[in-house]
Amino acid sequence: MQLLVTGGAGFIGSNFIRHVLQTHPDWQVINLDKLTYAGNLENLQDVADHPRYRFVKGDIADRVLVERLLTEGVDVIVNFAAESHVDRSIADAAPFVETNVNGTRLLLDAARHHRIAKFIQVSTDEVYGSLGPADPPFTESSPLAPNSPYAASKAAADLLCRAYRVTYGLPVVITRCSNNFGPYQFPEKLIPLTVTNALEHKPIPVYGDGMNIRDWIYVEDHCRALELVIAKGRAGEIYNIGGGREIANLELVRAILDLLGKPESLIEFVPDRPGHDRRYAMDVSKIRRDLGWEKSLSFEEALGQTVDWYVRHHCWWQRVKSGEYKEYYERWYDRLKPV
C-alpha cells in the first residue's frame, strides 16, 4: 500500500509516519509538507533515508503537484495538513481558511479524479464546540458548533468531506481526535511549553483561571487508531478518538511541575483567550466497538514518558524555540529525492 501523508513533518504526522514504517513493511509513504513554522524535518531525521519513505516539499493547495504525486500509485491519502493553533487563528484567520478549507477541497478533487481507495480526514474535537460541566461527552452525531476560526475551518473541511462522499461517492473517513501529546510537539502547545519553560526556569502562562478541561490522548495511541481506520474503517463514517482522561489545564501544569520537581511559583495566570472553550470530552465507544481500538498506556504513564522525552531532548526543543530548526531543511535539501 502507498500512502500520501500530507502535513507529515508536523507533530502528529511525523509520529504517524514513523509508526507506519516500523509496523508495516509493505507500506510506502510519500510525505507532502509545506514546511510552515510547525513543520520540522528534524522530526523525521531518523527515517530520512528509509527506502520506503520520500519527502516532498509542497502545498496541498498546489493542484499540479498533488496530481503528479497521485499518478505514482497512491492508494490512501491521510490529510494531517492544517494550520492548527487557535491563538494564531484568532490573530489571522486567512491562512486557516486557505489551507484547512481550500487545501482540503483541492485534495478531495484530486482524490476523486484518481479514484483513491480511501481518504482519511484527520480532524479535531474542537469542531463540536464546548461542553458544560455536566454534559455527556461528544459522540460522532454531536452537532458541529465551532467557536474559534481554527475550529470553524476544520468543521468546514469536514463538511466538504461529507459532501464529497454523498455527492461523488468518494471513500472518505473522518476522524476527530482530542488533544494529543507526546514527542516532537511544537513548544507553543501546553504540555511541551510547560515542560520546556520549567526546565528553563521561565514563567508558565495559564489562561484565565486554569480550569478549562481537555481530554488528552498519547500521540502513539492516536497513530494506532488511524492505522485501524485505514485498514478497517468504513467509508462515510466518522470515528471519535480520545484518551478518556479529562483534566483541567491548571491541574495538568501542576502534575508536570511535580514530575520535574519544579515550584508552582512558575505558574503565571494570563488573560483568557477570546471564546475559550470550557470543556472537551470524547465518547470513543464506536471506534472501540467497530475497529477494536484501545489505548496502550494510561494517561499518567504516557505523561511521564513524554516529560522524560523532553528532558532528554534538549537540543531538539531548544533549536525549535530559537528558530534554528528551520536551517535543517536547507542543509539536507540536496539529499532529498526529487519529485
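Farthest towards the positive end of the charge dipole of the chain, among the residues Ser298, Thr194, Ser84, is the Cα of Ser84, using unit charges on the Cβ of Lys, Arg, Asp and Glu. Only helices enter this figure: runs of n ≥ 4 DSSP H residues, each worth -39500 (n - 2.57), summed and divided by the residues of the chain, yield -11500 deg cm²/dmol at 222 nm to the nearest 500.
Take the chain and mark each of the GluC sites (Glu not before Pro) that is in a DSSP loop with at most 16 other Cβ atoms within 10 Å; the longest unmarked stretch, sites excluded, is 73-187.
Taking the three principal axes of the alpha carbon atoms in the range 186-339, the coordinate ranges are 48, 48, 32 Å, sorted in descending order.
Each listed q (0.07, 0.11, 0.13 Å⁻¹) maps to a log10 I(q)/I(0) for the chain from the Debye sum over equal C-alpha point scatterers, namely -0.27, -0.69, -1.00. Place +1 on the Cβ of every Lys and Arg and -1 on the Cβ of every Asp and Glu in the range 116-250, take the dipole about the Cα centre, and give the residue among Leu250, Tyr207, Ala156 whose Cα lies farthest towards its positive end. Checking the options against the dipole of the range 116-250, the answer is Ala156. Over the chain, Cα pairs under 8 Å with separation of 6+ residues give a relative contact order of 18 percent.
Using alpha carbon coordinates only, what is the Rg to Rh ratio of the range 223-296, with Rh defined as the Kirkwood radius?
On the way: Rg = 17.5 Å, Rh = 15.5 Å.
Ratio of gyration radius to Kirkwood radius: 1.13.
In terms of the mean number of neighbouring beta-carbon atoms within 10 Å, the peptides 84-97, 104-117 order highest first as 104-117, 84-97.
The ranking of Cys223, Cys161 from fewest to most other beta carbons within 10 Å of each one's beta carbon is Cys223, Cys161. Taking only the alpha carbons of the range 41-181, we obtain Rg and Dmax values of 16.2, 51 Å in that order. How large is the dipole of the chain about the Cα centre if only Lys and Arg carry +1 and Asp and Glu carry -1, each at its Cβ, rounded to the nearest 20 debye? In total the dipole reaches around 820 debye.
Hey, how much of the P(r) for the range 194-254 falls beyond 19 Å, as a percent of Cα pairs?
Details: 956 of 1830 pairs.
Tail of P(r) above 19 Å: 52 percent of Cα pairs.
Throughout, read-outs are computed from the coordinates displayed, never taken from laboratory work. Just so we're clear, the structure is a prediction, and the values are computed from it rather than from any experiment. Cβ: placed from backbone, ideal geometry, glycine included. Neighbour counts: every protein chain shown.
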